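Chemist: There's a structure below that I have some questions on.
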Amino acid sequence: MPSRSLYPHQWSWDSAFIAIGLRHISPLRAQTELDTLLAAQWADGRIPHIVFNPSVPLDAYFPSPDFWRSSTAGRAAGAPRTVQTSGIVQPPVHALAAWLVHLADPGLSRARGFLTRMYPRLAAWHRYLLHRRDLGGGGLVSVVHPWEQGMDNSPCWDRPLSRVTPAPARSFRRADLDHGSPEGRPTDLDYGRYVRLASDYRDRGYADGAGEFAVEDPAFNALLIASEYALARIADELGAAGSARQARAERLTAALVERLWEPAAGMFLCRDVRAGELIPERGVSGLIPLLLPTLPHDLAATLVRTMRGPHFGLGGTTRLVPSYDLLGEAFDPHRYWRGPAWINTNWLLEGGLRLHGERGRADALRKGILHTADASGFAEYVDPYTAQACGATGFGWTAALTLDLLHDRPAGRGNGVTAIKGGDRG
Ligand code: DGY
């Protein structure tokens, strides 16, 4: 679980990051983390964003299993019968995590058939995303809820969310405010819209295609592509040809550039599929494609410049990359994904900098992450200027990714992200 108080169940992308850290101290626990999550996969291939712990009281977290009703409302989509889950998804970091967990102890992994077990499930997961979620018809995946992209209240969603009629405030009770300060969390109006989108999706039996909210997000798609590269490595290891996956990852990279690159902003933007336009907001999500090995050189150089420029301030006004534009109208240094810096996005960018030969800048970012994680009590997120701790402390992925950065690696290898590159077999 990401946090005993705020998030007391198993979260999908948190688990992937947690496995990436755990592999250094217990490859077996890291394998179990992913095995447990994938045991809750739906028959249509989706990996749910939450797998609920049945021993946690219903009122400890909202929305709880009785809201999602996965085993009944999700029956047609193939939700599992015995375990309760949510019905939306989260960024596909899982194949990347599985490959890194394997590399931590290939002998143990082979002896336990870890990748043999993971591969068909991860392939089904990617198939679900690429076939059922290409709502814009351009080859990229759309998210149908801000919680799916993981950066819940990013200002990038304000415009598409403004079209959604919020559920009445009295129709639900938030549990997050029992643990987190309201200034650091999404607003009640945001929650009303999150609830409306999720209950409409549930009431359609979690069938894809008809929802009001559909956004192509750069980070979600970049993580899918990174995971597709990792699946190519996994296929090679299992003796299945990984070259088709490698080629698909390259095609998806070209689609990402074609649909989401905005030269005037010097970065990638989100595409509002329902309105048919790019969303003019700079979120950290638009820098994450830096982790792609076949990103054209000039685009990678432009992303590094943008990261260091006035909108994100890295190495100047900030030591970690903030979640949102420092100059943006909606910027708020303490409110969740509207400004604070997060460790997982900075870990991804650290890998991206290294992958594109920016060793000095990657080293500086690594130092900043390690210092901030320790000084903040492994906070969920921090003020990007002062590094003041916000949200939960003792947060799972903050600790796990710190472990990953601390782990001794041969010089120049960098963090796990660089292991997706062809030819680097660890
Ligand atoms: C929350 O509850 O805040 C989560 O981010 C939703 O998954």
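Chemist: Looking at the structure I just gave you, is Trp125 farther than 21 Å from Ala39 by Cβ, modelled with pLDDT of 95 or more and in a helix (DSSP H, G or I)? Break it down into steps so the answer makes sense when it comes.
Modeler: Details: farther than 21 Å from Ala39 by Cβ: no; modelled with pLDDT of 95 or more: yes; in a helix (DSSP H, G or I): yes.
No; evaluated as a whole, the condition is false for this residue.
Chemist: So Phe331 clears everything in (1) in contact with a helix residue (DSSP H, G or I) (Cβ under 9 Å, 6 or more places away or on another chain); (2) assigned to a helix (DSSP H, G or I); (3) more than 22 Å from Ala226 (Cβ to Cβ) except one condition, right? Which one?
Modeler: (2)
Chemist: Moving to a separate point now. Report yes if some residue within the stretch 373-388 is over 23 Å from Ile225 (Cβ atoms), within 16 Å of the ligand (Cβ to nearest atom) and assigned to a loop (DSSP other than H, G, I, E, B); otherwise report no.
Modeler: yes
Chemist: Oh, and also: Filter the stretch 137-187 for residues that are away from the ligand (no atom under 12 Å from the Cβ), under 19 Å from Ile88 (Cβ atoms) and out of contact with any helix residue (DSSP H, G or I) (no Cβ under 8 Å at 6 or more places or on another chain) and give the result.
Modeler: Hits for the stretch 137-187 are Ser142, Pro160, Arg163.
Chemist: OK, next. Can you pull out every residue in the stretch 3-29 that is of a type in the set (Lys, Arg) and touching a helix residue (DSSP H, G or I) at 6+ places or on another chain (Cβ under 9 Å)?
Modeler: Going through the stretch 3-29, the residues of a type in the set (Lys, Arg) turn out to be 4, 23, 29.
Those that are of a type in the set (Lys, Arg) and touching a helix residue (DSSP H, G or I) at 6+ places or on another chain (Cβ under 9 Å): Arg23, Arg29.
Chemist: Regarding Arg110, is this residue in a helix (DSSP H, G or I), among the basic types (Lys, Arg), surrounded by 18 or more Cβ atoms within 10 Å (Cβ to Cβ) and out of contact with any Lys or Arg (no Cβ under 8 Å at 6 or more places or on another chain)? Spell out how you get there, then give the answer.
Modeler: Values: in a helix (DSSP H, G or I): yes; among the basic types (Lys, Arg): yes; surrounded by 18 or more Cβ atoms within 10 Å (Cβ to Cβ): no; out of contact with any Lys or Arg (no Cβ under 8 Å at 6 or more places or on another chain): yes.
Here the answer is no, as Arg110 does not meet what is asked.
Chemist: In the stretch 85-96, which residues are more than 12 Å from the chain's Cα centre (by Cα) and part of a helix (DSSP H, G or I)? First the steps, then the outcome.
Modeler: We begin by selecting, within the stretch 85-96, every residue more than 12 Å from the chain's Cα centre (by Cα); these are 85-88, 95.
Hit for the stretch 85-96 is Ala95, nothing else.
Chemist: What number goes with the only condition from (1) under 19 Å from the mean Cα position of the chain (by Cα); (2) farther than 30 Å from Pro166 by Cα that Asp217 does not pass?
Modeler: (2)
Chemist: Also, quick follow-up: Failed condition for Gly242, given (1) closer than 25 Å to Ala16 by Cβ; (2) of a type outside the set (Asp, Glu); (3) in contact with a strand residue (DSSP E or B) (Cβ under 6 Å, 6 or more places away or on another chain), with all others met?
Modeler: For Gly242, the exception is condition (3).
Chemist: On to the next question. Consider Leu34 against the criteria (1) more than 16 Å from the ligand (Cβ to nearest atom); (2) in contact with a strand residue (DSSP E or B) (Cβ under 6 Å, 6 or more places away or on another chain); (3) among the aliphatic types (A, V, I, L, M): it satisfies all of them except one. Which criterion is unmet?
Modeler: Of the numbered conditions (1) more than 16 Å from the ligand (Cβ to nearest atom); (2) in contact with a strand residue (DSSP E or B) (Cβ under 6 Å, 6 or more places away or on another chain); (3) among the aliphatic types (A, V, I, L, M), the odd one out for Leu34 is (2).
Chemist: Out of all the residues in the stretch 103-116, is one or more under 18 Å from the mean Cα position of the chain (by Cα) and in contact (Cβ under 8 Å) with a residue 12 or more places away in the chain?
Modeler: At the first step, the residues of the stretch 103-116 found to be under 18 Å from the mean Cα position of the chain (by Cα) are none.
Checked the stretch 103-116: no residue is under 18 Å from the mean Cα position of the chain (by Cα) and in contact (Cβ under 8 Å) with a residue 12 or more places away in the chain.
Chemist: Look at Ala19 and say whether it is under 20 Å from the mean Cα position of the chain (by Cα), more than 14 Å from the ligand (Cβ to nearest atom) and either of a type in the set (Asp, Glu) or modelled with pLDDT of 95 or more (or both).
Modeler: On the way: under 20 Å from the mean Cα position of the chain (by Cα): yes; more than 14 Å from the ligand (Cβ to nearest atom): yes; either of a type in the set (Asp, Glu) or modelled with pLDDT of 95 or more (or both): yes.
Here the answer is yes, as Ala19 does meet what is asked.
Chemist: Which residue is nearest to Leu6 (Cα to Cα), if the candidates are limited to the stretch 32-79 and must be of a type in the set (Ser, Thr, Tyr) and in a loop (DSSP other than H, G, I, E, B)? Before you say what the answer is, go through the steps one by one.
Modeler: Let us first name the residues in the stretch 32-79 that are of a type in the set (Ser, Thr, Tyr), namely 32, 36, 55, 61, 64, 70-72.
Cutting the leftovers down to in a loop (DSSP other than H, G, I, E, B) gives us 55, 61, 64.
On the way: Ser55: 16, Tyr61: 7, Ser64: 13 Å.
Ranking the candidates gives Tyr61 first.
Chemist: Can I ask one more? Would you say Ala77 is modelled with pLDDT of 95 or more, surrounded by fewer than 19 Cβ atoms within 10 Å (Cβ to Cβ), hydrophobic (A, V, I, L, M, F, W, C) and away from the ligand (no atom under 15 Å from the Cβ)?
Modeler: On the way: modelled with pLDDT of 95 or more: yes; surrounded by fewer than 19 Cβ atoms within 10 Å (Cβ to Cβ): no; hydrophobic (A, V, I, L, M, F, W, C): yes; away from the ligand (no atom under 15 Å from the Cβ): yes.
For Ala77, the condition - modelled with pLDDT of 95 or more, surrounded by fewer than 19 Cβ atoms within 10 Å (Cβ to Cβ), hydrophobic (A, V, I, L, M, F, W, C) and away from the ligand (no atom under 15 Å from the Cβ) - is not met.
Chemist: For a quick check of your reading of the model, give me the residue pairs whose first member lies in the stretch 319-330 and is more than 11 Å from Tyr381 (Cβ to Cβ), whose second is of a type in the set (Asp, Glu), with beta-carbon atoms closer than 8 Å and at least 6 apart or on different chains.
Modeler: Tyr324/Glu281; Asp325/Glu281; Gly328/Glu281; Ala330/Asp158; Ala330/Glu281
Chemist: What about Ala387, is it crowded, with 23+ Cβ neighbours inside 10 Å and either closer than 22 Å to Pro322 by Cα or at pLDDT 90 or above (or both)?
Modeler: Working: crowded, with 23+ Cβ neighbours inside 10 Å: no; either closer than 22 Å to Pro322 by Cα or at pLDDT 90 or above (or both): yes.
Judged against the criteria, Ala387 is not a match.
The values are calculated or read from the model by the stated rules, or taken from the named source; none is laboratory data. In this text the structure is predicted, and so the values were computed from the model without any measurement. Don't worry about glycine lacking a Cβ; one is built from the backbone with ideal geometry, like all the others, and counts go over all protein chains shown.
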